[in-house]
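Peer 1: Quick one: structure below, then a few questions.
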Amino acid sequence: MNTLTREAEPNMEIGQVEAASDHQDEHQQHPSGIKRWLFTTNHKDIGTLYLWFSFIMFLTGGAMAMVIRAELFQPGLQLIEPNFFNQMTTIHGLIMVFGAVMPAFTGLANWLIPMMIGAPDMALPRMNNWSFWILPFAFTILLSSLFMEGGGPNFGWTFYAPLSTTYSPDSTALFVFSIHIMGISSIMGAINVIVTIVNMRAPGMTWMKLPLFVWTWLITAFLLIAVMPVLAGVVTMVLTDKYFGTSFFDAAGGGDPVMFQHIFWFFGHPEVYIMILPSFGIISAIVPTFSRKRLFGYASMVYATSSIAILSFLVWAHHMFTTGMPVFAELFFMYCTMLIAVPTGVKVFNWIATMWRGSLTFETPMLFAIAFIILFTIGGFSGIMLAITPADFQYHDTYFVVAHFHYVLVTGAIFSIMAAAYYWLPKWTGNMYDERLGKIHFWCSVISVNVLFFPMHFLGLAGMPRRIPDYAVQFADVNQIVSIGGFAFGLSQFIFLALVIKCIRGGEKAAAKPWEGAEGLEWTLPSPAPYHSFTTPPEIK
Amino acid sequence: MSNNQGKSNRKLIGILIAGAVGMFGFGFALVPLYDVLCEQLGINGKTQNSASTYKPFTIDESRTITIEFMAQIQSDMPWEFKPEVKRMRVHPGELVRTHFKAKNLSLKDTIGQAIPSVSPGQGAAYFNKTECFCFNQQRLMAKESAELPLIFFVDPDLPDSITTLTLSYTLYNITDRGYVGSVE
């Protein structure tokens, strides 16, 4: 450490200790029961709330996926009407994106970022409380629209105009407001993360010493601030087009429905990286721990993440190759999209290089991390196939696309969240989780998820369109296999629920650093982590 | 938390909120930006919404461009709508007059708005209309029929690769919208 920080440290310490003791007085008699959770400003409580909320949403959205797979088990219409099927696909997508994956990452950020950078709490604790507690209202509004006359949103999670304007159900206003609330929540969460990381790092925690989870979340937070307002804008245009007679997307009034897709995907593509960049941070923490080696290429990871974030603004139209763009634009977006494979490849290379000649052990977090690397890469490859403009005309809106984005989101984002949960559960609860149950959960999940999503590639290449309740008979066999995989994957997640509850209630006491290869400030705190993380700033080596 | 940190927190929060508000505005700024880009690049087949002036070009007799006309109606439009001729051959620079026929089949007065689109999109910028029924709303009384005029010329700068231009009109029923004036 240089002299400058050594001089600065005693002063900081006094300031921080005073601040911390103030805090402790305030929280000495923190309310118990429901009030503890309603009024909490503690980053760990809020992190826990986010994680439980996200898990409940995961099961809710999952239940809708089960309805979808049950209907698709056979050709023909058996269980539900087409309109209800459309509502299921729409709300399944919305809940999984905005209710499961994004809150889970925010929950992890709340729990981990202060501990990782040596801060006592998040920078803006009251805003933190608010950004969580508006979320349940948003999803209550969204889900309640299902019970309205005419049904809930049925236009797909991408709510393309004119499906969401001219032809949408009366409940569309509820959908719009719930998206507004989710957007406000995400923006507040992002502001909190940025302010915490920029202003609350412990002395000596320089930028290039930040754990990669913190780095990736910082970049994600900037993406959120850049694109969530655009989403808010586009739903507002849908609202005014539908209810107030504007013509943003209505050709009859001088608007253009294709413009909807441009604005939506200007939000939508960075959103894809919002849902995967924190995963990269998680995997970059777990792989070195269980390889007992330092992460290979730390700096290149930081630069790769930043370049992915910048490129994510230049590729949105690859979602719309079939809308009739000029060839020049199609080529531009095709090449930019393929360019993203380069920084992503750097990351995958670094993880493999980290494992290379490491002393590997395969505890559950590591199993999920390795599954992530392999299966996310498969999702990346199908993404490159979709990026090829002429090929995309064949794949567009088929099950190939469904297979692609479920590989990157389920076996990518969600597997990384599972890995993170297993990895940090001992720190959160103070108890080791049941390793045997964890392995059962992993193997059930990884086998069933591939039975579920891999055959979808073939369905898509054979021409089965997405978002249909009925299909041609030649797709029946493969759809049955897919549905069986779906049910098995859905049921497997209850093993995870049982494991987490068991871990919270007791089990072998966890040491401060339960993984001997782990690095990072969070492991210097006792397990379970104390209510206030670092009341005095830690010394950074 | 020290005062200093509170101050720098507030500053950063201010910047970030301004960024978020700015991006909300940017979302709306994309609307005119999109129109300008489409017009400038001639993509999406959008043609100009107002009359262009015809300056006497030298008519390029060496080239002949096939112009195809298409007419579609939106499902809730109770009109019959079709071009007088389905296709014609013109020289670039030549001022051509044609018309579309519209008939209100219903017993109600109806207002329609036709939206043009040119394919291939790259040719849209070279297809100029000096007079078009699409510049204004069209009102037809019950059972009334009308001839809707169109006067156009093809810019002689039209790229050589384009030999056919298809002009498609979609007619929308805007009776219930209570629009006054043109869509501009």
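Peer 1: In µm²/s, what is D for region B:99-172 at 10 °C and 1.306 mPa s, where D = kT/(6 pi eta Rh) by Stokes-Einstein and Rh is the Kirkwood radius from Cα pairs?
Peer 2: Translational diffusion coefficient: 116 µm²/s.
Peer 1: Here's another thing I want to ask about it. Nearest 10 degrees, 0 to 90: what angle lies between the long axis of helix B:3-41 and the longest principal axis of chain B (Cα atoms)?
Peer 2: For B:3-41 against chain B, the angle is about 10 degrees.
Peer 1: Then there's this: In whole Å, how far is the Cα centre of region A:240-302 from that of region B:123-176?
Peer 2: Here the two parts' Cα centres lie 39 Å apart.
Peer 1: Now, a different point. Using just the helices of chain B, give the 222 nm mean residue ellipticity in deg cm²/dmol: DSSP H runs with n ≥ 4 each add -39,500 (n - 2.57), and the total is spread over all residues, rounded to 500.
Peer 2: Computed ellipticity for chain B at 222 nm equals -8000 deg cm²/dmol.
Peer 1: What percent do you get for the relative contact order of chain A when only Cα pairs under 8 Å and 6+ apart count?
Peer 2: So the answer I get is 18 percent.
Peer 1: Separate question: Using each residue's phi in region A:395-402, evaluate 6.51 cos²θ - 1.76 cosθ + 1.60 at θ = phi - 60° and report the 3J(HN,Hα) Karplus result to the nearest Hz, with x for Gly and Pro.
Peer 2: Residue by residue, region A:395-402 yields 7, 3, 6, 10, 5, 4, 5, 4 Hz.
Peer 1: Okay, moving on. Note the angle between two axes, namely the Cα long axis of helix A:82-94 and the longest principal axis of the Cα atoms of chain A, as a number of degrees from 0 to 90, rounded to the nearest 10.
Peer 2: With rounding to tens, the tilt is 30 degrees.
Peer 1: What does the accessible area per residue of chain A come to in Å², with a 1.4 Å probe and no ligands, DNA or RNA counted?
Peer 2: 38 Å²
Peer 1: Can you list the lysines whose alpha carbon is less than 24 Å from that of B:K55, not counting same-chain residues fewer than 8 positions off?
Peer 2: Partners within reach: B:K46, B:K129.
Peer 1: Give the residue from A:W428, A:S307, A:S279 lying farthest towards the positive end of the charge dipole for region A:34-524; charges sit on Cβ (+1 for Lys and Arg, -1 for Asp and Glu) and the dipole is referred to the Cα centre.
Peer 2: So the residue we want is A:W428.
Peer 1: Probe of 1.4 angstrom, ligands and nucleic acids ignored: what's the accessible area per residue over region B:1-41, in square angstrom?
Peer 2: 66 Å²
Peer 1: List the residues, sorted by chain then number, that are 5 or more residues from B:I73 or on another chain and whose placed amide H is less than 5 Å from its amide H.
Peer 2: Amide H neighbours of B:I73, under 5 Å, 5+ apart: B:L171.
Peer 1: While we're here: Using Cα positions and a limit of under 17 Å, work out the aspartates and glutamates in reach of B:K82, with same-chain residues fewer than 8 apart set aside.
Peer 2: Output for B:K82: B:E68, B:E144, B:E147.
Peer 1: Sticking with this one: Are there trypsin sites (Lys or Arg not before Pro) in region B:112-184 that DSSP marks as loop and that have at most 16 other Cβ atoms within 10 Å, and which are they?
Peer 2: B:K143
Peer 1: Given a 1.4 angstrom probe, I'd like the percentage of the accessible area of region A:34-524 that is carbon and sulfur, rounded to a whole number.
Peer 2: Answer for region A:34-524 is 72 percent, counting heavy atoms of protein chains only.
Peer 1: Rounded to whole Hz and in sequence order, give me ³J(HN,Hα) for region A:489-497 from the Karplus expression 6.51 cos²θ - 1.76 cosθ + 1.60, θ = phi - 60°, writing x for Gly and Pro.
Peer 2: 5, x, 5, 4, 6, 6, 4, 4, 4
Peer 1: Over 35 Å apart: what share of the alpha carbon pairs of chain A falls there, rounded to a whole percent?
Peer 2: 35 percent
Peer 1: State which entries of A:K242/B:K143; A:K44/A:K513; A:K44/A:K427; A:K293/A:K347; A:K439/A:K513; A:K44/A:K347 exceed 23 angstrom in Cα-Cα distance in the structure shown.
Peer 2: Long pairs (Cα-Cα over 23 Å): A:K242/B:K143; A:K44/A:K347.
Peer 1: A drop of at least 50 square angstrom in accessible area, chain alone versus all protein chains together, probe 1.4 Å. Which residues of region A:253-277 meet that?
Peer 2: When all protein chains are present, A:D256, A:M259 each give up 50 Å² or more of accessible surface.
Peer 1: Starting at the first residue of region A:177-189, write each ³J(HN,Hα) from the Karplus equation 6.51 cos²θ - 1.76 cosθ + 1.60 with θ = phi - 60°, in whole Hz, x for Gly and Pro.
Peer 2: Here the 3J(HN,Hα) series is 5, 5, 5, 4, 5, 4, x, 4, 4, 5, 5, 5, x Hz.
The values are calculated or read from the model by the stated rules, or taken from the named source; none is laboratory data. On a predicted model such as this, the values are computed, not experimentally measured, just so you know. Here Cβ is always computed from backbone atoms with ideal geometry, including for glycine, and neighbour counts include all displayed protein chains. Protein only, heavy atoms only, side chains kept; ligands, DNA and RNA dropped before computing areas. Shrake-Rupley method; radii C 1.70, N 1.55, O 1.52, S 1.80 Å.
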